[in-house]
Amino acid sequence: MFSSIGFPGLILILIIALVIFGPKKLPEIGKAAGQTLREFKKSTNDLTSDVSDEFKDAKNIVQGKEVK
């Protein structure tokens, strides 16, 4: 995802963010972004798990096996 930016580009983005938001607000923004990504990953894993379970149940029904 960030492979095309490179290290100098990443440093430039961080400096611009520091100038725009200030040193006191930047950690709060980082924490909020981390929490958002964590929740998104959890929701994605839950959805994937639910879909996988449904496919397993459908496969068992087609094969004539008993479903829990």
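In contact with a helix residue (DSSP H, G or I) (Cβ under 8 Å, 6 or more places away or on another chain) and not polar (S, T, N, Q): is that true of A17 in this structure?
Answer is yes for this residue.
Could you list, in sequence order, the residues of the stretch 10-68 that are on the phi < 0 side of the Ramachandran plot and part of a loop (DSSP other than H, G, I, E, B)?
Of everything in the stretch 10-68, those that are on the phi < 0 side of the Ramachandran plot and part of a loop (DSSP other than H, G, I, E, B) turn out to be P23, K24, K25, K65, E66, V67, K68.
Suppose the filter is of a type outside the set (A, V, I, L, M, F, W, C) and loosely packed, with under 10 Cβ neighbours inside 10 Å; does G64 pass it? Spell out how you get there, then give the answer.
Numbers: of a type outside the set (A, V, I, L, M, F, W, C): yes; loosely packed, with under 10 Cβ neighbours inside 10 Å: yes.
Considered against the rule, which asks whether it is of a type outside the set (A, V, I, L, M, F, W, C) and loosely packed, with under 10 Cβ neighbours inside 10 Å, G64 comes out as yes.
Would you check which residues across the stretch 28-45 are open to solvent by 80 Å² or more (accessible area, probe 1.4 Å) and either touching a Phe, Trp or Tyr at 6+ places or on another chain (Cβ under 7 Å) or farther than 30 Å from A17 by Cα (or both) and list them?
N45
The values are calculated or read from the model by the stated rules, or taken from the named source; none is laboratory data. The structure displayed is predicted, hence computed values, not measured ones. Because the Cβ atoms are built from the backbone with ideal geometry, glycine has one as well, and the counts that use them run over all protein chains shown. Ligands, DNA and RNA are excluded from the accessible area calculation, which covers all protein heavy atoms including side chains. Shrake-Rupley method; radii C 1.70, N 1.55, O 1.52, S 1.80 Å.
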